[in-house]
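Single-structure report; data block below.
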Amino acid sequence: TQTSVNLTHATSEQLLEATRAVIAGGGSSNMRNMGVTDPLVLDRSAGCRLWDVEGNELIDVNMGYGPHLFGYADPDVLGVVAQQLRLGAITGITHRLDHQAAELIAATVPSIEQVRFANSGTEAITSALRLARFLTGRAHVVTFEGHYHGWSETVLRKSAITDNGSDPTGAVPGAPGMIPGALDFTYQLPWNDAAALDALFAAHGTEIAAVILEPICGNAGMVHPLPGFVEKIADLTARHGALLVFDEVITGFRVGLNGAQGVLGVQPDLTIVSKVLGGGFPVAAFGGSRELMAPLARNEAFHAGVFSGNHAAMSAVVAMLTKLTGDPSVYGTLDVLSSYAEQRLADVFAEAGRPVRITRAGSVLSVALLTRPQETESDYDAAVPLIDFAAHRRLQILCQRAGLYFHPNPLEPWFLSTAHTPDVLDSVVATVKDSLARL
Ligand code: PMP
């Protein structure tokens, strides 16, 4: 069975060592190189599975940080993109696919009439915030503790997600080398703290260009907004002439066809989508009403990119959104699968007597071992300090050796897909159970 396998990784080890000589840290993202103990160098992926260079097969629940709603190498997306690649991957000229891709976004994301495409969440967010500053003539942006908006200069803070638990509050600039004062125009508030929000707007309401948030937070565990909290942000931004910006990089096309804004029934001014949007290809978009996007339409606000809206990415967007709009019942299916996984996992952690925090929004699950059980209300609010990062990493290594991959950082969610069928999930749960027994 899955749980009795003990993977070898001598070839991965050698190859990773060789890669480290020519790629700083061995992978092109700090998140990727963080907390890696057992090397894993891949050969290929399909469905919910990975194969490493030794031929070991693993079940993956991190799934490339979330784009693959239908699993890796979904033939419906791959077929369309492969055909487009032969017709031209990128020319830097508007293509008929651009219109189709943008119309599909406008038809599904309630707050979007017009978009611009970019290549990553970070890029789209940077452009959206610049647009917000242009539109309001103000400089300050408000962010929330535990929310991640990419690695650009004005939003990156050291946090549990960027630093593997070393600073749960996110009070410090994200990285040495940032411009001194990069965060002087960024306020950071605790999530779900209405009083702090009121106080900030009362004192500084006229300076605030935008409030940016993950409407359902996915980078500090899945932390849902308290009832009325997002509505309150919408009300305060509207009354003070600031813009409401939803970072739906995780939630867009993931928690439902209309994203978190569809689930919550709150319309932001600007929205950023990525991940599921491209079905595994690098693409992001930001957008809002035609009125708000007008400075870009007039070439007054600046946004560019050689690869922005390239034809390969646009074909992936068209394939993915055509598939999703054609059968939105996939969200119900994923919810049933994910709820099953959530319950079974909760059971095995309870049986093992291991305190855990499992939170979920649709098919995004957060599973984190704790140092002690959550007991009080504030334990639930400020759960990051309770996370046992070291024990979680030990569990991650045991699971990886037994053929189950999730991220070493407990704050990186599990992204389930239609490839995670009940028997796959049973195998996942069995591996976790077995690894907990040996922890
Ligand atoms: N926003 C959120 C909510 C994210 O989860 C991420 C990445 N995980 C980003 C922005 C940054 O996106 P990218 O890594 O594509 O720049």
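The values are calculated or read from the model by the stated rules, or taken from the named source; none is laboratory data. Keep in mind that what you see is a predicted model, and the values were worked out from it rather than measured. No Cβ is skipped: glycine too gets one built from the backbone with ideal geometry, and neighbour counts run over all protein chains shown.
Answer yes or no as to whether residue 202 is of a type outside the set (Lys, Arg), assigned by TED's automatic domain parsing to the domain that holds residue 112 and more than 21 Å from residue 128 (Cβ to Cβ).
Details: of a type outside the set (Lys, Arg): yes; assigned by TED's automatic domain parsing to the domain that holds residue 112: yes; more than 21 Å from residue 128 (Cβ to Cβ): yes.
Answer is yes for this residue.
Show the residue pairs that are 6+ apart or on different chains and have beta-carbon atoms under 9 Å apart, the first residue being within the range 48-71 and among the aromatic types (Phe, Trp, Tyr), the second being assigned to a helix (DSSP H, G or I) and away from the ligand (no atom under 15 Å from the Cβ).
From the range 48-71, the pairs are 70/76; 70/77; 70/320; 70/323; 70/330.
Could you go through the range 128-149 and let me know if any residue there is within 20 Å of residue 291 (Cα to Cα), in contact (Cβ under 8 Å) with a residue 40 or more places away in the chain, within 15 Å of the ligand (Cβ to nearest atom) and assigned by TED's automatic domain parsing to the domain that holds residue 297.
Looking for residues that are within 20 Å of residue 291 (Cα to Cα), in contact (Cβ under 8 Å) with a residue 40 or more places away in the chain, within 15 Å of the ligand (Cβ to nearest atom) and assigned by TED's automatic domain parsing to the domain that holds residue 297, one finds at least one in the range 128-149, hence yes.
Looking at the range 1-101, what helices (runs of 4 or more DSSP H) fall wholly within it and have at least 3 residues that are buried (at least 18 other Cβ atoms within 10 Å of the Cβ) and modelled with pLDDT of 95 or more?
On the way: elements: 10-22, 30-33, 75-87.
The qualifying helices (runs of 4 or more DSSP H) are 75-87.
All but one of (1) in a helix (DSSP H, G or I); (2) crowded, with 19+ Cβ neighbours inside 10 Å; (3) touching a strand residue (DSSP E or B) at 6+ places or on another chain (Cβ under 7 Å) hold for residue 346; state the number of the condition that does not hold.
Just one mismatch for residue 346, condition (2).
Among the residues of the range 377-407, which ones are β-branched (Val, Ile, Thr), over 16 Å from residue 8 (Cβ atoms) and either in a helix (DSSP H, G or I) or free of Cβ contacts under 8 Å to residues at least 40 places away in the same chain (or both)? Give the derivation first.
So the first thing to find is which residues in the range 377-407 are β-branched (Val, Ile, Thr), and the list is 384, 387, 397.
When the remaining residues are screened for being over 16 Å from residue 8 (Cβ atoms), the result is 384, 387.
Within the range 377-407, 384 is the sole residue that qualifies.
Taking the range 295-319, which residues are in a helix (DSSP H, G or I), crowded, with 18+ Cβ neighbours inside 10 Å and away from the ligand (no atom under 13 Å from the Cβ)? Lay out the reasoning, then the answer.
Within the range 295-319, the subset in a helix (DSSP H, G or I) is 295-297, 311-319.
Still in the running and crowded, with 18+ Cβ neighbours inside 10 Å: 296, 311-319.
Correct list: 296, 311, 312, 314, 315, 316, 317, 318, 319.
Would you confirm, using the coordinates I've provided, whether residue 101 is within 13 Å of the ligand (Cβ to nearest atom) and either in contact (Cβ under 8 Å) with a residue 60 or more places away in the chain or not hydrophobic (A, V, I, L, M, F, W, C) (or both)? Lay out the reasoning, then the answer.
Numbers: within 13 Å of the ligand (Cβ to nearest atom): no; either in contact (Cβ under 8 Å) with a residue 60 or more places away in the chain or not hydrophobic (A, V, I, L, M, F, W, C) (or both): yes.
So residue 101 does not fit the description; no.
Which condition does residue 152 not pass, out of (1) more than 13 Å from the ligand (Cβ to nearest atom); (2) farther than 26 Å from residue 385 by Cβ; (3) assigned to a loop (DSSP other than H, G, I, E, B), if it passes all the others?
If we test residue 152 against (1) more than 13 Å from the ligand (Cβ to nearest atom); (2) farther than 26 Å from residue 385 by Cβ; (3) assigned to a loop (DSSP other than H, G, I, E, B), just (1) comes out false.
Among the listed residues 336, 348, identify the single one that is closer than 18 Å to residue 435 by Cα and of a type outside the set (Asp, Glu).
Numbers: 336 fails: closer than 18 Å to residue 435 by Cα.
348 is the lone residue from the list that is closer than 18 Å to residue 435 by Cα and of a type outside the set (Asp, Glu).
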